[in-house]
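The values are calculated or read from the model by the stated rules, or taken from the named source; none is laboratory data. Here the structure is a predicted model, which means the values were calculated and not measured. Each accessible area value is taken on the protein alone, full model and side chains, heavy atoms only, with ligands, DNA and RNA left out. Shrake-Rupley method; radii C 1.70, N 1.55, O 1.52, S 1.80 Å.
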Amino acid sequence: MTIRRADGIGIAVRVTPRSARNALEPGPGHGVARLNAPPVDGAANAALIDLVAAHFGVAKRDVRLIAGERARLKRLAIRGDAEALAKIAAALYQAEP
């Protein structure tokens, strides 16, 4: 679910660290991030921020982890044009067949 914020949007992402590749894919009610990085010393969180920034076409400084620092399900705030970001995020929330 995308949450509109005053300065952009908020999204939910379920993270799977130590995957074979980095990818951001649709999931049921949240995006699914597969990351090469291990969940050690914030490496997976940093990789998630890099991946989300690239996917949404924003700078890394515009992506902020707001909840779930040590959990698999994370909430992120993305700063920018809320309408344009929401269109990109809509593809992450399509139900799986």
Whole-percent carbon and sulfur share, accessible surface of the stretch 1-79, 1.4 Å: 51
Computed [θ] at 222 nm, deg cm²/dmol, the chain (DSSP H ≥ 4; -39,500 (n - 2.57); rounded to nearest 500): -7500 deg cm²/dmol
Accessible solvent surface per residue of the chain, calculated while the other protein chains remain in place, 1.4 angstrom probe, Å²: 58
Length-normalised contact order of the chain in % [C-alpha pairs under 8 Å, at least 6 apart]: 36
Shape parameters for the chain, alpha-carbon atoms, Rg then Dmax in Å: 12.2, 36
